[in-house]
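Worksheet: the structure to be examined is printed underneath.
The values are calculated or read from the model by the stated rules, or taken from the named source; none is laboratory data. Computed from a predicted structure; not experimentally measured. Here the Cβ is made from the backbone with ideal geometry for all residues, glycine too, and neighbour counts use every protein chain on show. What goes into the accessible areas is simple: the full protein's heavy atoms, side chains included, and nothing from ligands, DNA or RNA. Shrake-Rupley method; radii C 1.70, N 1.55, O 1.52, S 1.80 Å.
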Amino acid sequence: MPVRRNSHAALIDDLVSANHILCAEGIVDGFGHVSVRDETHPERFLLARSMAPATVTVRDVMTFDLDGEPIDAKGRKAYVERFIHSEIYRARPDVQAVVHSHSPAVIPFGITGTNLRAVSHMGGFLGLSTPIFEIRAAGGPATDMLIRNRTLGAALARSLGASPYALMRGHGSIAVGDSIKQVVYRAIYAEVNARLQMEALRLGPINYLTAEEALGAMRANDAVIDRPWDLWKSKVRKRGRRN
Ligand SMILES: [Zn+2]
């Protein structure tokens, strides 16, 4: 079935690009990861081996089941926090892609009681509030803050609920979407929205987007999601050629 093989290869290519884009845009560094559900086997997902996202190639992409276990390890080491991905795919059949990052601007909103919410149309998908995962509630007072097992992953997925984005207190965030393009957009623009919200808070009370405005803006941006994706992809390609 050449068609199926080609579409699978294209999915892996997009996953590799997403790794590079998220690093180029300052969302991941040596840490953080992005995964996509296997379009032909919905009970599986694709995720790079444990490595810095900027250096991921097609050969580094592994396949996992929904228990977070690799089915084609071939000696490759998996990310400790792969259970973030497996338990979200289990809980959310609508989710096709997941980003976990430690991007810095969103972190203050997970630790202060000031809620991350849409302040500009590009962050419309954030809506009126962002859930916060409290690891102490699921893992007790002395974890190392990492999602090291299925139990913690399932608790994180419960905190996410039906939302597109969630904060992990004192750690980072997760973005989910219906495609690699959408989840990359969300990871990048949640960070942008957080920077804008912090700047605005220094000036005075914020006139936030309403629920209706946020939903309308989300739909408008989703309709042109190829445009930022093509830009981000061309930037990492140019960078690759220069090196
Ligand atoms: Zn992490």
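Points to keep in mind about this one:
- Single match in 186, 158 (criterion: out of contact with any strand residue (DSSP E or B) (no Cβ under 6 Å at 6 or more places or on another chain), basic (Lys, Arg) and in contact (Cβ under 8 Å) with a residue 40 or more places away in the chain): 158
- Scan of segment 61-79 for residues that are touching a residue at least 40 places away in the same chain (Cβ under 8 Å) and either within 16 Å of the ligand (Cβ to nearest atom) or not aliphatic (A, V, I, L, M) (or both), ordered by number: 67, 68, 79
- Among the residues of segment 71-101, those identified as in contact with a Lys or Arg (Cβ under 8 Å, 6 or more places away or on another chain) and in a strand (DSSP E or B) are 97, 99.
- Flag for residue 170 being within 16 Å of the ligand (Cβ to nearest atom) and open to solvent by less than 10 Å² (accessible area, probe 1.4 Å): no
- Restricting segment 84-119 to residues that are within 15 Å of the chain's Cα centre (by Cα) and open to solvent by 20 Å² or more (accessible area, probe 1.4 Å), the residue that is farthest from the ligand (Cβ to nearest atom) is 94.
- Taken together, the residues in segment 102-148 that are small (Gly, Ala, Ser), in contact with a Gly (Cβ under 8 Å, 6 or more places away or on another chain) and not in a helix (DSSP H, G or I) amount to 2.
- For segment 210-232, the criterion of being open to solvent by less than 20 Å² (accessible area, probe 1.4 Å), away from the ligand (no atom under 16 Å from the Cβ) and of a type in the set (Ser, Thr, Tyr) is met by no residue.
- Against the criterion of being more than 16 Å from the ligand (Cβ to nearest atom), over 25 Å from residue 132 (Cα atoms) and open to solvent by less than 40 Å² (accessible area, probe 1.4 Å), residue 55 does not qualify.
- Residue pairs whose Cβ atoms lie under 8 Å apart, sitting 6 or more positions apart in sequence or on different chains, and linking a residue in segment 211-223 that is under 7 Å from residue 124 (Cβ atoms) to a partner that is surrounded by fewer than 19 Cβ atoms within 10 Å (Cβ to Cβ) and of a type in the set (A, V, I, L, M, F, W, C), are 214/128.
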